[in-house]
Amino acid sequence: MTETAAGARACPVVDYVLAPPPTPALSLFQRMDGHQAIGRPAVRTDEAGGYWIFTDQSVILDGLQRPDLWSNSVIVPTESDPPYRWIPIMLDPPEHTKWRHLLGSYFSPGRTKAMKADQHRLAAELIEGLRGRGECDFVRDFAQVFPSIIFLEIMGMPREKLDEFMQWEHMILHENNDSDPDGSVRLGGMQAVQTYFAGLVAERRANPDPRAQDVVSAAISWEIDGEPVTDADVLNCLLLLFMAGLDTVAGQSSYALLHLATNPADRARIVAEPELVPHAVEELLRAYPIVQTARKATRDAQFHGCPIKKGDMATFPLSAAGRDDEAYPEAKRVDFDREMVRHLSFGGGPHRCLGSHLARQELVVLLQEWHRLIPDYELVQVPLEHGGGVWGLESLPLRWES
Ligand code: HEM
């Protein structure tokens, strides 16, 4: 028996799979709460040859801050040797650091703030379009539309193709072990996105617009260390931005609305005190972390008592970090009066979310505008949620008096 297998024996083994078929909303969070209750700082699963699942907030943070031990060459725990390289998320320092410098300005606090008034106008316009109906599927009709329109503009991609983009996004991020057992749908989605971007990049090269501010227009002349970035790397980066930008705010805002639809006292406070929304957003991010990331060990090491072997796979689920009672009193309870908390829902260490300023602002704007225009609403039925690396609701049927 290898040493890891011996260490694994000492560690509780749980029935965890990364991408189960859709389950009733919040059951993935409850399942992770259960794993945390039986094993600290880690449990293990036998899925895909076995991997560690870290359950302690402080250990998860430490792992994310140690790229020397925990490499980003993988970020999906079931794929130890992935046939793709998403940039910058799958790079380690020092290469990663150069890409962060290159990309930083597109999602900076200043650039984000300059978009705020337009975002309020857009959110209000979209919600006004729904208000008279008295019902909607929040996910399809709003959560997937509002942040996507903003993101497509930043990228320089056509809004008319949003449905097709969402289909590709679904193929890459929402399939599960039953619907895509060999991962071919997922790879097909990535291929479709890259083929699309290759065409768009070629078009921008043929007709460059020196005044254009969007990411794709800038990407055609990206340089690192004074050398042009290769076409393959440009496409790998645009693919990652596509995945990060199109699905995350949709997922996070759907959990926020699910919480507010089913907790009328919290909703009443948001309606009565719109200035509370930025703080409420942080608390909702803490309590419902949607990103469950992963790493691969670069060497043998003892990591918080776990005997790690080079090549071991591990997931660092932010859902366990945000709901850890040892880090936050009564962590499973959403409490808008909680003192300002530092959560890990945007990650930690070198790969901390590049789009966090944008995501935060979008969440604040959409909660403020929604509750200004539709303050009272209810859940029609408990929806399903999907697992994977980014959790989200499949739908969120809401109704209100119109
Ligand atoms: C509520 C919404 C969002 C959440 C919860 C979120 C969460 C995260 C997390 C946890 C990571 C780190 C993953 C890891 O360490 O493996 C990350 C990375 C990243 N996020 Fe976000 N994200 C959100 C929205 C966005 C948006 C709107 C963008 C815009 C494009 C974005 C762009 C990125 C990028 C580029 C990275 C990789 C950074 C790097 O590798 O250095 N994210 N995000």
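Here are a few things to note about the model shown:
- Cβ-defined net charge surrounding residue 61, 15 Å radius [Lys, Arg +1; Asp, Glu -1]: +3
- Note on the stretch 79-164: Cα-only Rg and Dmax are 17.5, 53 Å.
- Cα-based radius of gyration of the chain once divided by 2.2 N^0.38 Å, which approximates compact folds: 0.98
- DSSP-assigned coil residues among trypsin sites (Lys or Arg not before Pro) in the stretch 176-267, each with at most 15 further Cβ atoms within 10 Å: 211
- On the basis of the beta-carbon distance and an R0 of 30 Å, residue 100 and residue 211 show a calculated FRET efficiency of 0.70.
- Taking 0.36 nm per residue of sequence separation and removing the Cα-Cα distance, the residue 268/residue 15 pair yields an extension gain of 87.2 nm.
- When both bridge partners sit in the stretch 3-374, DSSP labels roughly 85% of those beta bridges antiparallel.
- Pairwise label distance in nanometres, residue 352 with residue 231, each label 7 Å out on the Cα-Cβ vector: 3.7
- Under 20 Å from the residue 108 label point (7 Å along Cα→beta-carbon), backbone N, the stretch 188-217: 210-217
- With the highest mean first, a sort of the peptides 352-358, 222-228 on other beta-carbon atoms found within 10 angstrom per residue produces 352-358, 222-228.
- Separation in nanometres of the label points that stand 7 Å from Cα toward Cβ, at residue 149 and residue 339: 4.1
- With the helix formula -39500 (n - 2.57) applied to DSSP H stretches of n ≥ 4, the chain reaches a computed 222 nm mean residue ellipticity of -14500 deg cm²/dmol.
- Environment charge at residue 172 (Cβ cut-off 12 Å; Lys +1, Arg +1, Asp -1, Glu -1): -3
- Cut-off 10 Å between beta-carbons: net charge of the residues surrounding residue 25, Lys and Arg +1, Asp and Glu -1: -2
- Overall form of the stretch 169-321 per C-alpha gyration tensor (a/c, 1.5; a/b vs b/c): oblate
- Residue 222 long-range amide H proximity, modeled H, under 5 Å: 229
Quick note: the coordinates plus some simple rules give every number you see, no bench work behind them. In this text the structure is predicted, and so the values were computed from the model without any measurement. In this analysis, Cβ positions are derived from the backbone assuming ideal geometry, glycine residues included, and neighbour counts consider all displayed protein chains.
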